[in-house]
1. Can you tell me the FRET efficiency between Ala155 and Ser70 if r is taken as the Cβ-Cβ distance and R0 is 22 Å, rounded to the nearest 0.05?
2. Treating each Cα of the range 78-170 as an identical point scatterer and ignoring solvent, apply the Debye formula and state log10 I(q)/I(0) at q = 0.12, 0.15, 0.19 Å⁻¹.
3. Could you tell me the relative contact order of the chain? Use alpha-carbon pairs under 8 Å, at least six residues apart, and round to a whole percent.
4. With charges only on Cβ, +1 for K and R and -1 for D and E, what is the dipole size of the chain about its Cα centre, in debye, rounded to 20?
5. Could you state the accessible area per residue of the range 1-134 in Å², with a 1.4 Å probe and every protein chain left in place?
6. Positive end of the charge dipole of the chain (Lys, Arg +1 and Asp, Glu -1 on Cβ, about the Cα centre): tell me which of Leu88, Ala132, Val164 has its Cα farthest that way.
7. Determine the shape class of the range 90-142: with a ≥ b ≥ c the square roots of the Cα gyration tensor eigenvalues, call it rounded for a/c under 1.5, and otherwise prolate if a/b is greater than b/c, oblate otherwise.
8. Under a crude label model (7 Å from the Cα following the beta-carbon direction), how far is Arg165 from Leu93 in nanometres?
Amino acid sequence: MRLLKREGATAPHDNATCALWHLASNGDDGPVVVARAGALPPLVRMLSVGSPQGQEWAAAALERLSHEVSENQHALARVGAIAPLVLLLGSELNATQRHAQGALLNIAALEASRVPVVRPLVSLLDVRNADAQIKSAELLAMLAARSSANAAAIASEGAIEPLVRLLGDG
C-alpha cells in the first residue's frame with residue numbers, strides 16, 4: 001500500500017493498482033481482504049492522479065471491490081469515490097468509462113448512496129462532453145430500470161429536463 005501513497009513515478013503505482021484489481025477479483029473474499037488492507041483511499045486517489053492506465057485499473061479495482069459487498073460500498077461512499085468516478089465517465093478510454101460506471105452502479109445499490117450518485121450524474125448531463133453525457137444518461141437509465149426508488153430519486157434530482165434536451169430536435 002505504500003507505493004500507492006507515494007508521490008512520483010506512475011509505473012509502480014499503475015502496477016500496484018493492477019495487482020490490487022486482480023487480487024480483488026480472486027475468490028469471494030478478495031474484495032474484503034483488499035479493502036481491509038487499506039486499499040480504498042489510495043485507489044480512490046489514483047482515479048484523479050494516476051496515469052490513464054492507472055485510472056482504468058483503479059476504476060476496475062473499485063468496481064470489483066464494490067460488487068455485492070455492502071461494507072465496501074459504504075466505505076467507498078465515505079472516502080469520496082463518487083465524484084472522481086463520475087468524472088471518469090468522460091474519460092477517453094472506453095474501458096475506464098465502463099469500470100467507473102460499474103463501480104457507480106454498485107455504490108448506488110445502497111439506499112444511502114442513491115442520491116449522492118444520482119445528483120452528479122444529473123449535473124453531468126449539462127456538461128459539454130459528449131462521452132460524459134452519454135455515459136451519464138446510460139447510467140441513469142440503468143439505475144431507473146433497477147427500481148422505482150431509483151427512478152423517483154432521478155426524477156426528483158431534476159434529470160428529466162436535461163434528458164429531454166439531449167434528445168434535441170429528434
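The values are calculated or read from the model by the stated rules, or taken from the named source; none is laboratory data. No experiment lies behind these values; they were computed from the predicted model shown. Here the Cβ positions follow ideal geometry from the backbone for every residue, glycine too, while neighbour counts run over all protein chains shown. What goes into the accessible areas is simple: the full protein's heavy atoms, side chains included, and nothing from ligands, DNA or RNA. Shrake-Rupley method; radii C 1.70, N 1.55, O 1.52, S 1.80 Å.
1. Taking R0 as 22 Å, the efficiency between Ala155 and Ser70 is 0.30.
2. Here log10 of I(q) over I(0) equals -0.32, -0.50, -0.81.
3. 17
4. 400
5. 47
6. Comparing the listed Cα positions along the dipole, Leu88 ranks first.
7. Oblate shape, in that a/c is at least 1.5 and b/c is the bigger or equal ratio.
8. That separation, rounded to one decimal, is 3.1 nm.
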